[in-house]
Amino acid sequence: MAKLGIMIEGQEGLTWERWRSIARRVEELGYESLWRSDHLFSLFGRAERESLETFVSLVLVAQETRRIRFGPLVTSITFRHPAMLARMAAAVDVLSGGRLELGMGAGWHQREHEAFGIPFPPPRTRLEMLEEGIQVVRALTSGKRCSFQGRHYRLQDVESHPTPAQRPLPIIVGGSGERRLLGIVARHADEWNVVAMTPEVYRQKCAALERHCREAGRDPAAIRRSWMGGFLVGESAAALERRARRLQEVVPVMGQARPADLPGVLRARGWLVGRPDEVVEQVHALEAVGVQRLMLQLHDQEDLEAVELVAREVMPRVAG
């Protein structure tokens, strides 16, 4: 049975008051986890929107909740040196009593790097940085004295304290590139996360991951599988269209479709769309191809009614 969590785009107007409210409500409703993106400004062209710093916001979740697991989905290796990332992650994990899961990725949004003066190397280099960065985080959260000599990062005879409450600290690697990214997943990840895709496409990606696992000598079953994507749910066609209109306000690029057509467009992109019973069927289809955990991307942060509807009508029928 699938575990259900909620994922928030933290750069799209997230305020401290709203984040605190979301964290508390997600836990109260019985969701397994809460996640947030790691970006520096709005990706939807709304420069005026609030954008809470990711790891500072995770401290609030550690303090405001008692049960749910949480973390960044995913943090770009280009934003923070992995030695500092390891230290921050360990501290938040201790503060939460061992509930942090560290999502890591190679980064992709060139414009925010340029805007803040952060180097944005070519894809091959970023993937090298990601693979080395995971090894640095592993070493520094092990509680042991360590050294590491890589092309991009180095450690010299060092111990890092405090160590996380969880050992090893769970690392989620996000992405679906079949040539190199899935090789990194096969060699290093505890969990593999993909962005919204249909079960048919996901099945193809799984086959590619399994090839990399054979090359790495690793059992594919040792890697947990998760899916992060949008959802549009309503108890009637009118409710779906109302939420579609609101979604177009929050994500302007979606305004190109008629509100009545948007549910079908999003379903084709791999979103979970429809009445609660239809969403249940779509979750079961993802479970059938190996997905074990779903992070439901809530674009309209004010629409906690949708979060409540899923908790009431979908979660009891799918959640493990």
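So here's what we get for this one:
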quantity	calculated
Enumeration of residues in segment 52-73 that are assigned to a loop (DSSP other than H, G, I, E, B), open to solvent by less than 40 Å² (accessible area, probe 1.4 Å) and farther than 20 Å from residue 126 by Cβ	52, 65, 68
Among the candidates 286, 262, 304, residue that is at pLDDT 95 or above, surrounded by 15 or more Cβ atoms within 10 Å (Cβ to Cβ) and touching a strand residue (DSSP E or B) at 6+ places or on another chain (Cβ under 8 Å)	286
Single residue of 104, 88 found to be at pLDDT 95 or above and over 30 Å from residue 211 (Cα atoms)	88
Residue, most open to solvent (accessible area, probe 1.4 Å), within segment 1-51, restricted to residues that are acidic (Asp, Glu) and farther than 30 Å from residue 118 by Cα	28
Residues satisfying the stated conditions in segment 2-36, i.e. under 22 Å from residue 279 (Cβ atoms) and assigned to a helix (DSSP H, G or I)	22, 25, 26, 27, 28
Qualifying residue in segment 74-82 (condition: touching a residue at least 60 places away in the same chain (Cβ under 8 Å) and open to solvent by less than 20 Å² (accessible area, probe 1.4 Å))	yes
Residue satisfying all of: in segment 142-175; among the polar types (S, T, N, Q) and open to solvent by 50 Å² or more (accessible area, probe 1.4 Å); farthest from residue 132 (Cα to Cα) among these	156
Among (1) within 15 Å of residue 104 (Cα to Cα); (2) assigned to a loop (DSSP other than H, G, I, E, B) - the single one residue 133 does not satisfy	(2)
Matching residues in segment 180-223 - criterion: being open to solvent by less than 10 Å² (accessible area, probe 1.4 Å) and among the β-branched types (Val, Ile, Thr)	184, 185, 194, 223
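The values are calculated or read from the model by the stated rules, or taken from the named source; none is laboratory data. Every value quoted in this text rests on a predicted model; they were computed, and no experiment measured them. Quick reminder, even Gly has a Cβ in these numbers, built from the backbone with ideal geometry, and neighbours come from all protein chains shown. Just the protein is used for accessible areas: all its heavy atoms, side chains included, with ligands, DNA and RNA removed. Shrake-Rupley method; radii C 1.70, N 1.55, O 1.52, S 1.80 Å.
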